[in-house]
Amino acid sequence: EAKRKGGARYKLFDPSMSEYAFNRMETEAGLRKAIENRELEVYYQPQVDMNSGRLTGTEALVRWQHPEKGLVMPGAFIPLIEESRLIVDIGEYVLREACRVQAAWCRAGYEPGRVSVNLAGAQLHDSGLDRIIARILTETGCKPEWLELEVTEGFIMEDPAASVPMLKRLRDMGISLAIDDFGTGYSSLAYLKRLPVSRLKIDQSFVRNSVMDPDDAVIIEAIIALAGKLKLGLIAEGVETHNQTELLLELGCDQAQGYLYGRPVPHQELELMLKSGRGGHQIVQ
Ligand code: C2E
Ligand code: MG
Ligand code: MG
Ligand code: MG
């Protein structure tokens, strides 16, 4: 009960409160102000075709430009607010911002591919999500075909009876769907077949060790085979070395996102990449 209401219940100082709860409360209060004060920023990381080096899309990733702490990464605050209403507000903020920027890029004649936005469980489980997204698309002028939403298996499996129809409605609107961090969840293969997703994002933990650890390479191979049978697209996350690129291409995965091809950067910086003709063209020499 108290958990569902998020921070509201923890407002009074309680000396027995754990450091974790205190940190969470402080984070929530700070983030509420951060939205008002426009301290949240959306960074964009390139996604590429490893054969040609062409940009195929971007992933929108939130950062908190904190007045004292500097740039705070999502890993330091997203997990703390996952049970609070704030995650929905921040999710909507990121979505609106990403759609606004994407629409501007497309209007300017650049070729940014699709922009991929992460959905939190609380957003997926909100029965009004499709209406909210439809409104954001209209308001920003972003076409549904320019957008991809990323969800994890875990969030879908928390409430498949509601999640699957919602994902179908989003797909029917023309939005693409991807499974994020694939291979780390309780992948129910029976469900995967029924999910209206167009691609799987191979989790970076497998990619990281794939060159050194044959077990991880085998897992990647299995995911590639599965995607092939189910006719799903694939992208590998966390590609940092040429050896990883070589291995992935050899195994049959040609899309990647990783530091080797570009770190997440502010929209102005990604725009430079698009302007210099590298969007839709070579970004790796
Ligand atoms: P994710 O969705 O799996 O995003 C990929 C993460 O991997 C990003 O971390 C990205 O910077 C990082 N990454 C990409 N390539 C490499 C690489 O080559 N090496 C390494 N070591 N890391 C790489 P980031 O931006 O810190 O985000 C972490 C997580 O926070 C995301 O994981 C996602 O789960 C969550 N997140 C970020 N933005 C949002 C958002 O707007 N909404 C929600 N709900 N979650 C978000
Ligand atoms: Mg993601
Ligand atoms: Mg991921
Ligand atoms: Mg993740």
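The values are calculated or read from the model by the stated rules, or taken from the named source; none is laboratory data. Since this is a predicted model, take the numbers as computed values, not measurements. FYI the Cβ positions are ideal-geometry reconstructions off the backbone, even for glycines, and counts take in every protein chain you see. Heavy atoms of the whole protein, side chains included, go into the accessibility calculation; ligands, DNA and RNA do not. Shrake-Rupley method; radii C 1.70, N 1.55, O 1.52, S 1.80 Å.
The set of residues in the range 59-94 being within 16 Å of ligand 4 (Cβ to nearest atom), within 16 Å of the chain's Cα centre (by Cα) and surrounded by 15 or more Cβ atoms within 10 Å (Cβ to Cβ) consists of Glu59, Ala60, Leu61, Val62, Arg63, Pro74, Phe77, Ile78, Ile87, Ile90, Gly91, Val94. Quick check: anything in the range 34-41 within 20 Å of Trp105 (Cα to Cα) and surrounded by 14 or more Cβ atoms within 10 Å (Cβ to Cβ)? Yes, the range 34-41 contains at least one residue that is within 20 Å of Trp105 (Cα to Cα) and surrounded by 14 or more Cβ atoms within 10 Å (Cβ to Cβ). Restricting attention to the range 25-76, the residues that are closer than 20 Å to Arg96 by Cβ, among the hydroxyl-bearing types (Ser, Thr, Tyr) and touching a Phe, Trp or Tyr at 6+ places or on another chain (Cβ under 9 Å) total 1. In the range 201-222, what residues are within 13 Å of ligand 3 (Cβ to nearest atom) and of a type outside the set (Val, Ile, Thr)? Lys201, Asp203, Gln204, Ser205, Phe206, Arg208 - these are the residues of the range 201-222 that are within 13 Å of ligand 3 (Cβ to nearest atom) and of a type outside the set (Val, Ile, Thr).
Being part of a strand (DSSP E or B) and more than 11 Å from ligand 1 (Cβ to nearest atom) is the filter here, so list the residues in the range 236-271 that pass it. Within the range 236-271, Gln255, Pro266 qualify. Among the residues of the range 152-161, just one is within 19 Å of the chain's Cα centre (by Cα) and not in a helix (DSSP H, G or I), namely Thr152. Among residues of the range 130-140 being surrounded by fewer than 22 Cβ atoms within 10 Å (Cβ to Cβ) and in contact (Cβ under 8 Å) with a residue 40 or more places away in the chain, the one that is nearest to Ile175 (Cα to Cα) is Asp130.
Listed here are the residues, each with its yes/no results for (1) closer than 22 Å to Pro46 by Cα; (2) open to solvent by 60 Å² or more (accessible area, probe 1.4 Å); (3) within 16 Å of ligand 2 (Cβ to nearest atom); (4) in contact with a Pro (Cβ under 7 Å, 6 or more places away or on another chain).
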position: Leu200; (1), (2), (3), (4): yes, no, yes, no
position: Ser205; (1), (2), (3), (4): yes, no, yes, no
position: Asp216; (1), (2), (3), (4): no, no, no, no
position: Glu221; (1), (2), (3), (4): no, yes, no, no
position: Ile235; (1), (2), (3), (4): yes, no, yes, no
position: Asn243; (1), (2), (3), (4): yes, yes, no, no
position: Cys253; (1), (2), (3), (4): yes, no, no, no
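Residues of the range 114-134 that are within 16 Å of ligand 2 (Cβ to nearest atom) and either among the hydroxyl-bearing types (Ser, Thr, Tyr) or over 15 Å from the mean Cα position of the chain (by Cα) (or both): Ser116 alone. With respect to Leu249, determine if the residue is under 21 Å from Leu147 (Cβ atoms) and not acidic (Asp, Glu). In short, no.
The rows are residues; the columns are (1) at pLDDT below 95; (2) closer than 15 Å to Asp181 by Cα.
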| site | (1), (2) |
| --- | --- |
| Asp215 | yes, no |
| Ile220 | no, yes |
| His242 | no, no |
| Glu246 | no, no |
| Leu249 | no, no |
| Cys253 | no, no |
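Restricting attention to the range 189-222, the residues that are within 16 Å of ligand 4 (Cβ to nearest atom) and either without any contact (Cβ under 8 Å) to a residue 12 or more places away in the chain or more than 17 Å from Asn243 (Cβ to Cβ) (or both) add up to 5.
Is at least one residue of the range 109-119 crowded, with 20+ Cβ neighbours inside 10 Å and more than 30 Å from Lys275 (Cβ to Cβ)? No; the residues of the range 109-119 include none that is crowded, with 20+ Cβ neighbours inside 10 Å and more than 30 Å from Lys275 (Cβ to Cβ).
Each row is one residue, and each column tells you yes or no for (1) in a helix (DSSP H, G or I); (2) crowded, with 16+ Cβ neighbours inside 10 Å; (3) at pLDDT 95 or above; (4) among the aliphatic types (A, V, I, L, M).
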| residue | (1), (2), (3), (4) |
| --- | --- |
| Cys142 | no, yes, yes, no |
| Glu148 | no, yes, yes, no |
| Ser163 | yes, yes, yes, no |
| Lys168 | yes, no, yes, no |
| Asp180 | no, yes, yes, no |
| Tyr186 | no, no, no, no |
| Val197 | no, yes, yes, yes |
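Hey, can you tell me all the residues within the range 109-122 that are touching a residue at least 12 places away in the same chain (Cβ under 8 Å) and not β-branched (Val, Ile, Thr)? Tyr110, Glu111, Pro112, Gly113, Arg114, Ser116, Asn118, Leu119, Ala120, Gly121, Ala122 - these are the residues of the range 109-122 that are touching a residue at least 12 places away in the same chain (Cβ under 8 Å) and not β-branched (Val, Ile, Thr). Among the residues of the range 223-233, those identified as open to solvent by 50 Å² or more (accessible area, probe 1.4 Å) and either within 14 Å of ligand 3 (Cβ to nearest atom) or among the charged types (D, E, K, R) (or both) are Lys229, Lys231.
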